[in-house]
Structure formats: C-alpha cells, structure tokens
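The values are calculated or read from the model by the stated rules, or taken from the named source; none is laboratory data. Quick caveat: nothing in here was measured; it's all calculated off a predicted structure. All Cβ positions, even for glycine, are placed from backbone atoms using ideal geometry, and neighbour counts span all protein chains on display. Keep in mind that these areas ignore ligands, DNA and RNA; they rest on the heavy atoms of the full protein, side chains included. Shrake-Rupley method; radii C 1.70, N 1.55, O 1.52, S 1.80 Å.
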Amino acid sequence: MESDGPDPGPQGTITVARALELPALRRGLPEVVAAADRLERPVRWVHAGETPNIAALLKGGELLLTTGIGLGSRAAEQRAFVRKLADRDIAALVVELGGRFAALPAAVVDTARSYGLPLVQLHREVPFVAVTEEIHTEIVNEHYALLRRAEEVHRRGTDALLGGGGVPEILRLFAEFAGNPAFLETPDGRLLYAAGPGAQPGAA
C-alpha cells in the first residue's frame with residue numbers, strides 16, 4: 001500500500017519531517033527556516049528546555065523545543081547557542097515565537113544554515129508536553145513495529161533452515177528485512193552468495 005505522507009525514515013525511527021506532520025506540532029503552524037533539505041534526519045528523542053547551556057544536557061538526535069529564553073540577547077550568544085547544538089548533532093531546533101521573540105534573530109537563522117541544523121519556528125503556542133508525548137509515542141510505536149518484524153524474520157529464518165533453505169534463503173530474508181542487498185563473503189573478501197530484496201538469492 002502506498003502512502004502520501006512523509007517518509008517515516010529508517011526502520012525503528014521517525015524523522016524531523018514526520019514529527020512536523022504530527023497534530024501537536026502542526027497546531028503550532030511550523031515553518032522551516034533553515035536546513036529544509038535535512039528534514040529526513042532521525043529523531044531519537046524530544047527535549048524541552050530554556051537554559052543557555054542546554055547543549056550540555058543533550059546526547060545527539062534530539063528534537064529540541066524552546067521558547068528561546070536561553071538564546072541570549074546578543075548575536076554572539078545566539079551564534080554560540082546554535083553552534084553548540086549543532087556540535088551535539090541534535091535532530092532539529094524548534095523555537096516557539098511570541099514569548100521571547102516575535103521573529104527569530106538573524107544570528108540564529110544564519111548560524112543554523114551554516115551548520116546545516118534544521119531550524120523550525122512555531123507561529124502559534126502549543127503545549128510542549130503534548131508535542132513530547134505525541135512524538136515519543138510515535139518513536140515507541142516504530143520501535144515496537146521493528147521488534148515485531150525482527151521476530152517475524154527470526155521465525156521465517158528458522159522455518160527456512162528446517163525446510164532445507166540454507167544460506168541463500170536466509171540471505172534473501174535478511175535483504176528483504178533490511179531493504180538492502182545482503183552478501184556472504186569469505187574472510188579474504190571473496191563473494192559466495194548475494195541476495196537483494198524481492199529477488200531470488202544466488203551464488204556468486
């Protein structure tokens with residue numbers, strides 16, 4: 001079945017683009033103002049915070065929600081704030097307008113663009129707790145779906161081995177699960193078998 005929605009991203013994850021399509025963030029009228037070409041970055045978790053040193057609390061892959069209080073008032077502070085987040089490799093920075101800023105400062109936008117950090121401004125106030133709950137539920141559901149698929153592959157792999165399918169059939173199952181070709185090589189790099197998703201496995 002085909003879907004008209006955004007790509008959900010790698011199996012077991014959701015992307016920034018997918019997060020922006022969820023109702024809680026959509027109600028904030030999100031506008032992407034930097035790195036619109038990097039919205040397929042995976043979101044590992046959601047964090048909300050207002051402290052200037054928020055980057056020190058992050059591990060990478062977070063979608064950060066803020067009203068911008070921690071950004072500072074000077075351009076140098078704002079550039080440093082965004083640079084530290086980019087260095088942490090967060091998934092995206094989402095700033096709700098109205099509380100601290102009527103519009104995002106140029107220093108924030110320019111720095112996000114130069115570092116390729118997706119930057120989103122919300123034109124309407126939204127409860128951050130609702131955004132967090134919704135995205136975290138989506139992430140957990142994606143992980144659960146991935147685990148169920150892994151269990152299915154394990155079951156089918158066991159059935160294939162018991163039915164005499166051997167290595168070629170197992171490779172085909174792995175390739176189908178991963179959505180990528182699978183190979184079996186000798187320790188010295190000689191190819192023994194190859195299989196692609198949806199294709200019949202074969203010897204090299």
Subtracting the Cα-Cα distance from 0.36 nm times the residue separation, let me have the gained length for N180 to V129 in nm, one decimal. 14.7 nm
Gained length - R83 relative to L147, 0.36 nm times residue gap less alpha-carbon distance: 19.5 nm
Roughly what % antiparallel, to the nearest 5, for the DSSP beta bridges in the chain? 50
Protein accessible area in the range 27-68, 1.4 Å probe - carbon and sulfur %: 60
In range of the label at A56: residues from the range 91-112 whose backbone nitrogen is under 17 Å from the point 7 Å along Cα→Cβ: none
Long-range amide H partners of A34, meaning residues 5 or more apart or on another chain whose placed amide H is closer than 5 Å, are L119
